[in-house]
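Undergrad: Can you keep this structure in mind? I'll have questions shortly.
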Ligand code: NAI
């Protein structure tokens, strides 16, 4: 893909996981081909949006009747880098860190939970999904020995910036950041911020707008 991929907007990239999910379900149901029209009805996006999105990647060869589901699933998976596996560690074994560790479906997408770290001695040795909580002092060596490239950051925001620095210094290539603070990382390190409260505020906005419109009628 190379050059062309740089041009692709975040909006398109943001829609790929949803295509991937729907195609995975269709594949599991044994559906072999699907037209953009059918996919459009299923996903409630316009067929032209789907064609435009797919055209960024060469269109995925829609011939005759629709797309080959298995092929499309595989190709979108490759674009998302899901054809490889990634070892990940969780840093911060509190409420959120443990909840994420307990959600094992990430492994289906190739994200392998290999370690979890904390600074609270009371948590050391606690087993979560068969993996023990280790002290942060062991993090650097663990990352290097276990080929870890992703870190999930579930620590207080006051700690997040310095811990992110330690993680990238030992070779972490991507951070899934749940701490409510913007991280400053070296070039080439990827950060995805997740803020559940942003999603809740969008919900609140929609609720607010609906109530206002109802009262205006
Ligand atoms: P928690 O207090 O249960 O867990 C935090 C854990 O981090 C504790 O076990 C603590 O010992 C550990 N910790 C503190 N400093 C550390 C360090 N330097 N290195 C390693 N571990 C360290 O808190 P909770 O509820 O799990 O939340 C964790 C973080 O995630 C907070 O920053 C919170 O604001 C954030 N959060 C974000 C959400 C989101 O949608 N982005 C949703 C919920 C929480």
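The values are calculated or read from the model by the stated rules, or taken from the named source; none is laboratory data. What you see is a predicted model, and the numbers here were worked out from it, not measured in a lab. Glycine gets a Cβ as well: all are built from the backbone with ideal geometry, and neighbour counts include every protein chain shown.
Undergrad: Residue under question is residue 207, and the condition is that it be part of a helix (DSSP H, G or I) and more than 8 Å from the ligand (Cβ to nearest atom); does it hold? Please lay out each step first, then the result.
TA: Values: part of a helix (DSSP H, G or I): yes; more than 8 Å from the ligand (Cβ to nearest atom): yes.
Yes.
Undergrad: Something else now. Quick check on residue 131: is it over 18 Å from residue 88 (Cβ atoms) and in the same structural domain as residue 100 (by TED's automatic domain parsing)? If you could, list the steps in order and put the result at the bottom.
TA: Details: over 18 Å from residue 88 (Cβ atoms): no; in the same structural domain as residue 100 (by TED's automatic domain parsing): yes.
Against the criterion (over 18 Å from residue 88 (Cβ atoms) and in the same structural domain as residue 100 (by TED's automatic domain parsing)), residue 131 does not qualify.
Undergrad: Also, I was wondering about something else. Return the residues of segment 183-200 that are within 16 Å of the ligand (Cβ to nearest atom) and loosely packed, with under 12 Cβ neighbours inside 10 Å; say none if nothing qualifies.
TA: Filtering segment 183-200 down to residues within 16 Å of the ligand (Cβ to nearest atom) leaves 183, 191-200.
Correct list: 192, 196, 197, 198, 199, 200.
Undergrad: Considering only residues of segment 123-142 that are assigned to a helix (DSSP H, G or I) and within 12 Å of the ligand (Cβ to nearest atom), which is nearest to residue 189 (Cα to Cα)? Spell out how you get there, then give the answer.
TA: Step one: filter segment 123-142 for residues assigned to a helix (DSSP H, G or I), giving 123, 136-142.
Now restrict to residues that are within 12 Å of the ligand (Cβ to nearest atom): 123, 136-139.
On the way: 123: 29, 136: 21, 137: 22, 138: 22, 139: 18 Å.
Among residues in segment 123-142 that are assigned to a helix (DSSP H, G or I) and within 12 Å of the ligand (Cβ to nearest atom), the one nearest to residue 189 (Cα to Cα) is 139.
Undergrad: Taking the condition under 30 Å from residue 121 (Cβ atoms) and outside any helix (DSSP H, G or I), does residue 8 pass? It would help to see each step written out before you state the result.
TA: Details: under 30 Å from residue 121 (Cβ atoms): no; outside any helix (DSSP H, G or I): yes.
It is false that residue 8 is under 30 Å from residue 121 (Cβ atoms) and outside any helix (DSSP H, G or I).
Okay, residues lined up against (1) in the same structural domain as residue 23 (by TED's automatic domain parsing); (2) closer than 30 Å to residue 161 by Cα; (3) in a loop (DSSP other than H, G, I, E, B); (4) touching a residue at least 60 places away in the same chain (Cβ under 8 Å):
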| residue | (1), (2), (3), (4) |
| --- | --- |
| 45 | yes, no, yes, no |
| 50 | yes, no, no, no |
| 62 | yes, no, yes, no |
| 70 | yes, no, no, no |
| 97 | no, yes, no, no |
| 101 | no, yes, no, no |
| 106 | no, yes, no, no |
| 116 | no, yes, no, no |
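Undergrad: Still on this structure, I have one more. With respect to residue 89, is the statement that it is within 14 Å of the ligand (Cβ to nearest atom), in contact (Cβ under 8 Å) with a residue 40 or more places away in the chain and either touching a helix residue (DSSP H, G or I) at 6+ places or on another chain (Cβ under 7 Å) or not in a loop (DSSP other than H, G, I, E, B) (or both) true? Before you say what the answer is, go through the steps one by one.
TA: Values: within 14 Å of the ligand (Cβ to nearest atom): yes; in contact (Cβ under 8 Å) with a residue 40 or more places away in the chain: yes; either touching a helix residue (DSSP H, G or I) at 6+ places or on another chain (Cβ under 7 Å) or not in a loop (DSSP other than H, G, I, E, B) (or both): yes.
Considered against the rule, which asks whether it is within 14 Å of the ligand (Cβ to nearest atom), in contact (Cβ under 8 Å) with a residue 40 or more places away in the chain and either touching a helix residue (DSSP H, G or I) at 6+ places or on another chain (Cβ under 7 Å) or not in a loop (DSSP other than H, G, I, E, B) (or both), residue 89 comes out as yes.
Results for (1) touching a strand residue (DSSP E or B) at 6+ places or on another chain (Cβ under 7 Å); (2) at pLDDT 95 or above, shown as yes or no for each residue.
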| position | (1), (2) |
| --- | --- |
| 80 | no, no |
| 84 | no, no |
| 96 | no, yes |
| 103 | no, no |
| 122 | no, yes |
| 146 | yes, yes |
| 163 | yes, yes |
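Undergrad: Any chance you could count how many residues in segment 143-182 are part of a helix (DSSP H, G or I), buried (at least 18 other Cβ atoms within 10 Å of the Cβ) and away from the ligand (no atom under 11 Å from the Cβ)?
TA: Pass one, segment 143-182, residues part of a helix (DSSP H, G or I): 143-145, 157-169.
Among the residues that remain, those that are also buried (at least 18 other Cβ atoms within 10 Å of the Cβ) are: 143, 160, 163-164, 167-168.
Filter again for away from the ligand (no atom under 11 Å from the Cβ), leaving 143, 168.
The qualifying residues number 2.
Undergrad: Across segment 13-34, which residue is surrounded by the fewest Cβ atoms within 10 Å (Cβ to Cβ) among those that are touching a helix residue (DSSP H, G or I) at 6+ places or on another chain (Cβ under 8 Å) and part of a loop (DSSP other than H, G, I, E, B)?
TA: Start the filter on segment 13-34 by keeping residues that are touching a helix residue (DSSP H, G or I) at 6+ places or on another chain (Cβ under 8 Å), which leaves 15-16, 18-20, 22-24, 26-27, 31-34.
Restricting the remaining residues to those that are part of a loop (DSSP other than H, G, I, E, B) gives 31-32.
Values: 31: 14, 32: 12.
That would be 32.
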